[in-house]
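Read-outs: derived from the displayed coordinates by stated rules, not from any lab. What you see is a predicted model, and the numbers here were worked out from it, not measured in a lab. Ideal geometry is used to build each Cβ from the backbone, glycine not excepted, and the neighbour counts take in all protein chains shown.
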Amino acid sequence: MIVLGIETSTPQTSVALGTEQETLGKVSLAGAARQEFVTPVLEQLLTWTGLELGQVGGIAVGVGPGLFTGLRVGIETAKSLAQVLSIPIVGITSLDALAFSVRHTHKLIVAVIDGRRGETFYAVYRALPGGVVRGSDYEVATPDHLCAELEILPGELLAVGNGAILYRDQLAELGSRLEFASSIRAHPEAAALVELAVPRFLREDYDRLYDVTPMYLRRSDAEIAWDRRERGAGA
Amino acid sequence: MRIELRTETPEQTREVGGVLATFLGPRDTVILTGDLGAGKTTLVQGIGRGLGVEEHVASPTFTLVREYAGRLDVAHVDVYRLERIQDVMDLGLDELGGPDRVLLVEWGDAIEELLPGDRLVVELTTDGVSETRRIAIVPQGRSWAARWERLEQALAATGDALEGFAG
């Protein structure tokens, strides 16, 4: 089964095609958010691999937490394709994908994504044979708060993600028991989404199309305090 | 710190925007407050002109965000039609434009907590009848303090030219 992965949670835009055995093709554009390239990159990948869109049997999409603009483009592209092609879709969090990419460790894995505005999105994982298991909720926190949370975790830690790199100096306060993963692991990869999603496709554990939405961790259901606008409307 | 001006025509309001533009740098945020028709977009047109934006600057009330390229990139946002904090977050204000962009937010006072602490607040008031506008400019945060004296002088010069400088 061929699975298409689309990951746009961070300034890296990543698209991949793969099966349960291997990655067939992948392109990741790092540096600056370039979500408008998702579709052109997919077209290129299909050309290079000689595959047809109709051969894709499932779509794995990164649902964040991460950057809103990128997530909306990535998720809407994935959902549109799933609908048009009538194929199943699976949403995977950016933090799960990050942790999965460094799973060959005995340390606790702390996946950290830059949430902008001085905040990070993070979760803590433990490696198991074949994957990772999440041991915390998905959280949003300032680097200081994250440090305090990590302080109380026992043992050795491995920090991965662009948030870990951005706040490296603050996190380094935890001392030598915290190791930083390589910067080539800083962004979740679409190829990792494909690898994570394949078992779910095989056991038909799909997401419903309309349930695939960006993961927002910040409290955002509050209404805007519109006293001025209401006053203006009455004037 | 507070600068108060009075303008008599939309073009004079644009001229004030043009002066503000010369003081703007990358990542600056300007909040524009004032009732409908107070001249927020008019002032932004002046800022855009001052930043070398060649495109016509129109109200973003219905598009929510308009982006322009100039000496600095301009992200012009209007949150008037939004109801929830989530709607604002969906705009991805942190992610608009490149590193050299300025963010101009109409009705931004309602969503202050979502905007950078360092910002310029421009408040426009109208009597609802004439073309006269009162413009109050207030700095928030550290970065404007360093620029304040020069801004005051530049606006005073404009104000004299407009014969409307009131403070």
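Quick notes
- Candidates A:90, A:41, filtered to the one that is β-branched (Val, Ile, Thr) and in a helix (DSSP H, G or I): A:41
- Filter pass, residue A:163 being in a helix (DSSP H, G or I), buried (at least 19 other Cβ atoms within 10 Å of the Cβ) and not aliphatic (A, V, I, L, M): yes
- Residue list for the stretch A:96-122, restricted to those being within 24 Å of residue B:114 (Cα to Cα), of a type in the set (A, V, I, L, M) and away from chain B (no Cβ under 14 Å): A:112
- Just one of (1) within 11 Å of chain A (Cβ to nearest Cβ); (2) out of contact with any helix residue (DSSP H, G or I) (no Cβ under 7 Å at 6 or more places or on another chain); (3) crowded, with 22+ Cβ neighbours inside 10 Å fails for residue B:128. It is (3).
- Residue match in the stretch A:227-235 (condition: part of a loop (DSSP other than H, G, I, E, B), surrounded by fewer than 17 Cβ atoms within 10 Å (Cβ to Cβ), within 14 Å of chain B (Cβ to nearest Cβ) and out of contact with any helix residue (DSSP H, G or I) (no Cβ under 9 Å at 6 or more places or on another chain)): yes
- Test: residue in the stretch B:92-114 that is more than 24 Å from residue A:10 (Cα to Cα), free of Cβ contacts under 8 Å to residues at least 40 places away in the same chain and not small (Gly, Ala, Ser): yes
- The stretch A:201-219, residues that are surrounded by 11 or more Cβ atoms within 10 Å (Cβ to Cβ) and either within 12 Å of another protein chain (Cβ to nearest Cβ) or assigned to a loop (DSSP other than H, G, I, E, B) (or both): A:205, A:206, A:212, A:213, A:214, A:215, A:216, A:217, A:218
- Here residue A:3 meets the list (1) more than 14 Å from chain B (Cβ to nearest Cβ); (2) under 18 Å from residue A:194 (Cβ atoms); (3) outside any strand (DSSP E or B) almost entirely, failing just condition (3).
- Only one of A:130, A:155, A:135 that is over 16 Å from residue A:214 (Cβ atoms), more than 14 Å from chain B (Cβ to nearest Cβ), touching a Phe, Trp or Tyr at 6+ places or on another chain (Cβ under 7 Å) and of a type outside the set (Val, Ile, Thr): A:135
- Of all the residues in the stretch A:131-148, those that are without any contact (Cβ under 8 Å) to a residue 12 or more places away in the chain and outside any strand (DSSP E or B) number 2.
- Among (1) buried (at least 17 other Cβ atoms within 10 Å of the Cβ); (2) acidic (Asp, Glu); (3) closer than 27 Å to residue A:66 by Cβ, the one test that residue B:123 misses: (3)
- Selected residue (only one of B:158, B:125, B:63 is β-branched (Val, Ile, Thr) and part of a helix (DSSP H, G or I)): B:158
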